[in-house]
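Heads up, the thing below is written out as structure tokens.
The values are calculated or read from the model by the stated rules, or taken from the named source; none is laboratory data. No experiment lies behind these values; they were computed from the predicted model shown. Neighbour counts are summed over all protein chains in view; Cβ atoms, including those assigned to glycine, are modelled from backbone coordinates with ideal geometry.
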Amino acid sequence: MNTKKLQSTNSHAKIPLICNTDTVQALILNNSARIVDVRKSEEYLQSHIRSAASLPLSQILEKEPSGIIEILKNLGVTDTLPVVIYDDTFGALAARVAWTLQYVGHSNTSLLEVTYSQWKRMGLETESNNNKFPKVEHAMRINHKIQADASYVDLAKEQENKFLVDSRERLNFLTEHIPNAKNIPYTMLRSDNNILRKPEEIRRLIENRGMSTDSEYITYCGSAGTLSGLAFFALKSAGIKNVKLYSKSFREWKLLGKVKEEFKDANYWDLSAD
């Protein structure tokens, strides 16, 4: 197995929330960012984007914030180094990891606009090196502004200036959901060529549901916060400033015995989210 150690430059520019392929290629060429692959380790070892580090989603979900910081240190990520994350699952796994890094204080984190399969189909550079990086220091600065727990959601669901966004598929939402939640299925956020639709299209989705772009949004999904993580970045990319993720999502809500809205005959409902 070919293991390669890579160094980074000291020039750490702020990168956009969603990075296009040209930007990422330039970052790789200048060795001025950490590209992070969140697929399974065996998939990473078969091939990945050149210079990418491996960080499977499962490792993130198991860790407390201090453990996430240790991972960043071991990946050679300093406080300001740009991090671009990708997956091969329409961006949902990458979004959950990217949100987690932002939550522990690494704000200079973004999503690659395409999946790994799309990257390869475009003929862009890949490799099979198991890249390792010198350990660095990284501070922990928890960003409570982007996180919501069950107690917060319980209060927010009754407040007119806060919107709960359920990212699950329409039938799941109609069967049961948190009271007063709005349904924007993750499938409506994607385009054929990118993990997310254009910002103006996402804003139109929001406005068509009578939701103000000046309000606070809280996204949730079924369990681990992956689908709702994608919704989090979709809303942020559309210019919504105040967005939170309820990362433990509907699974925890039900385990806590919180009130739900249920429809016994959901299969007869109009399954369009419009």
Checking Pro199 against (1) touching a residue at least 60 places away in the same chain (Cβ under 8 Å); (2) under 19 Å from Trp99 (Cβ atoms); (3) within 19 Å of the chain's Cα centre (by Cα); (4) surrounded by fewer than 22 Cβ atoms within 10 Å (Cβ to Cβ), the condition it does not meet
(1)
Given the options Phe232, Phe133, name the one that is in contact with a strand residue (DSSP E or B) (Cβ under 8 Å, 6 or more places away or on another chain) and assigned by TED's automatic domain parsing to the domain that holds Gln25.
Phe133
Looking at segment 166-178, can you tell me whether even one residue there is more than 20 Å from the chain's Cα centre (by Cα) and polar (S, T, N, Q)?
yes
Sole residue being touching a residue at least 40 places away in the same chain (Cβ under 8 Å), over 30 Å from Val24 (Cα atoms) and surrounded by fewer than 18 Cβ atoms within 10 Å (Cβ to Cβ), chosen from Asn193, Asn208:
Asn208
State which residue is surrounded by the fewest Cβ atoms within 10 Å (Cβ to Cβ) when the search covers only segment 88-105 and only residues that are of a type in the set (A, V, I, L, M) and out of contact with any Lys or Arg (no Cβ under 8 Å at 6 or more places or on another chain).
Leu101
Report, by residue number, each residue of segment 53-80 that is within 18 Å of the chain's Cα centre (by Cα), surrounded by 18 or more Cβ atoms within 10 Å (Cβ to Cβ) and aliphatic (A, V, I, L, M).
Ala53, Leu55, Leu57, Ile60, Ile68, Ile69, Ile71, Leu72
Tally up the residues in segment 34-52 that are closer than 25 Å to Ser223 by Cα and either β-branched (Val, Ile, Thr) or surrounded by fewer than 21 Cβ atoms within 10 Å (Cβ to Cβ) (or both), please.
6
